[in-house]
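Accompanying notes for the structure given below.
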Amino acid sequence: TITSDDIVAGSYERTYFPARDRRDICLVMVYKDQPVGSPGQTVTIEVRYRGTAQKGPFEQHDLTDFCCHPNQALMSARYLLARRRYTTHACSLNIGRKGAQLKPGDVIAVDLSVTTTEGEGVTDLIYYQVEAVTEEQAGLINLDLVHFPTMTNDAGETVSVISKEIYEAQVSVQ
């Protein structure tokens, strides 16, 4: 967890993604189906959240270099749809040497909560995935982070909304 005490003053910046970049779309996934004993063929599927984006907009993803099974193409599409729908912003900040242990792909919490003598104050704890780590000449570590949406499940555990959507979302496949 990174707190406001860890962040270099004036370095924190939060940027929200425009609503047009988060609206529902239809993904056109192109992959190479490789059944046993056959040369394989290029296959295209359309994947969208059920009942949305019937007439687009469309976004194509070419997976032919590495994807050879329809389930892999479908899981990739579910991930892209969920990330687009639920990831709301990115941020960047500088911290001290504590940040040197982080690497791209790590998930961290940034807690900017404020307590006051008058009550609870403001709760602002958000999970982020580390996109880039850059060490500056003065030894400060610059982190580029992307919102990692979470929720509390029935057992009281914090879980990834995107992971949950990959397995449980209602999508249409054509």
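The values are calculated or read from the model by the stated rules, or taken from the named source; none is laboratory data. Just so we're clear, the structure is a prediction, and the values are computed from it rather than from any experiment. Backbone-built Cβ (ideal geometry, glycine too); neighbour counts: all protein chains shown. SASA here: full protein model, heavy atoms, side chains in, ligands and nucleic acids out. Shrake-Rupley method; radii C 1.70, N 1.55, O 1.52, S 1.80 Å.
Summary of computed values
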{"read-out": "Condition met for GLY105 (loosely packed, with under 14 Cβ neighbours inside 10 Å and out of contact with any Ser or Thr (no Cβ under 9 Å at 6 or more places or on another chain))", "value": "yes"}
{"read-out": "Within region 141-174, tally of residues that are of a type outside the set (A, V, I, L, M), over 18 Å from the mean Cα position of the chain (by Cα) and over 27 Å from ASN94 (Cα atoms)", "value": "7"}
{"read-out": "Index of the failed condition, ASP124 passing every other in (1) farther than 26 Å from GLU168 by Cα; (2) crowded, with 16+ Cβ neighbours inside 10 Å", "value": "(2)"}
{"read-out": "Test result for GLU131, of a type outside the set (Ser, Thr, Tyr) and more than 20 Å from SER163 (Cα to Cα)", "value": "no"}
{"read-out": "Count of residues meeting criterion [part of a strand (DSSP E or B) and open to solvent by less than 90 Å² (accessible area, probe 1.4 Å)] in region 132-151", "value": "12"}
{"read-out": "Count of region 80-127 residues which are part of a strand (DSSP E or B), over 20 Å from LEU143 (Cα atoms) and of a type in the set (A, V, I, L, M, F, W, C)", "value": "2"}
{"read-out": "Identity of the residue in region 4-18, assigned to a strand (DSSP E or B) and open to solvent by less than 90 Å² (accessible area, probe 1.4 Å), that ends up nearest to ASP124 (Cα to Cα)", "value": "ARG14"}
{"read-out": "Test: residue in region 127-135 that is out of contact with any Leu (no Cβ under 9 Å at 6 or more places or on another chain) and under 28 Å from SER11 (Cα atoms)", "value": "yes"}
{"read-out": "Checklist (1) hydroxyl-bearing (Ser, Thr, Tyr); (2) part of a helix (DSSP H, G or I); (3) in contact with a Cys (Cβ under 9 Å, 6 or more places away or on another chain) applied to SER163, failing item", "value": "(3)"}
{"read-out": "Residue that is surrounded by the most Cβ atoms within 10 Å (Cβ to Cβ) [pool: residues in region 41-74 that are hydroxyl-bearing (Ser, Thr, Tyr) and more than 14 Å from VAL30 (Cα to Cα)]", "value": "TYR49"}
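Yes/no per residue for (1) under 20 Å from the mean Cα position of the chain (by Cα); (2) assigned to a helix (DSSP H, G or I); (3) under 12 Å from GLN174 (Cβ atoms); (4) not polar (S, T, N, Q):
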position	(1), (2), (3), (4)
ARG20	yes, yes, no, yes
ARG23	yes, no, no, yes
VAL30	no, no, no, yes
VAL36	no, no, no, yes
PRO39	no, no, no, yes
THR44	no, no, yes, no
ARG48	yes, no, yes, yes
GLY51	no, no, no, yes
GLN54	no, no, yes, no
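Okay, residues lined up against (1) among the hydrophobic types (A, V, I, L, M, F, W, C); (2) in contact (Cβ under 8 Å) with a residue 40 or more places away in the chain:
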| position | (1), (2) |
| --- | --- |
| THR3 | no, yes |
| ALA9 | yes, no |
| ARG22 | no, yes |
| VAL28 | yes, no |
| ASP33 | no, no |
| ARG50 | no, yes |
| HIS69 | no, no |
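Table: residues versus (1) under 17 Å from GLU165 (Cβ atoms); (2) of a type in the set (Val, Ile, Thr); (3) at pLDDT 90 or above.
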| position | (1), (2), (3) |
| --- | --- |
| CYS26 | yes, no, yes |
| LYS32 | no, no, yes |
| THR42 | no, yes, yes |
| ILE45 | no, yes, yes |
| GLN60 | no, no, yes |
| CYS68 | no, no, no |
